[in-house]
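Worksheet for the structure shown next.
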Amino acid sequence: MLTNVVEFFKNLPPKSCAQCGAEIEEQHECYGIYCEKCTTDHEF
C-alpha cells in the first residue's frame, strides 16, 4: 500500500502558474499556485 502512495506523488504532473502558465519548480502536492515571478510581482 505504501508503494502506491509514493507512486501516486511521483506521477503527479508538474504544476503550472495560475497567472502566467509557467511550470512551478516545487513539490507538486504543494498548495502554491503562482510561480516565483508572479508571487513577487504582487504584494499580499
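Listed by first and then second residue, the pairs linking a residue in the stretch 11-23 that is closer than 12 Å to Cys38 by Cα to a residue that is exposed (fewer than 12 other Cβ atoms within 10 Å of the Cβ) and acidic (Asp, Glu), with Cβ atoms under 9 Å apart and 6 or more places separating them unless they lie on different chains, are Ser16/Glu23; Cys17/Glu23; Gln19/Asp41.
Checking Glu43, Glu29 one by one, the residue that is in contact with a Leu (Cβ under 9 Å, 6 or more places away or on another chain) and at pLDDT below 85 is Glu29 and no other.
The values are calculated or read from the model by the stated rules, or taken from the named source; none is laboratory data. Computed from a predicted structure; not experimentally measured. Using ideal geometry, Cβ is built from the backbone for each residue, glycine included, and neighbour counts are taken over all protein chains shown.
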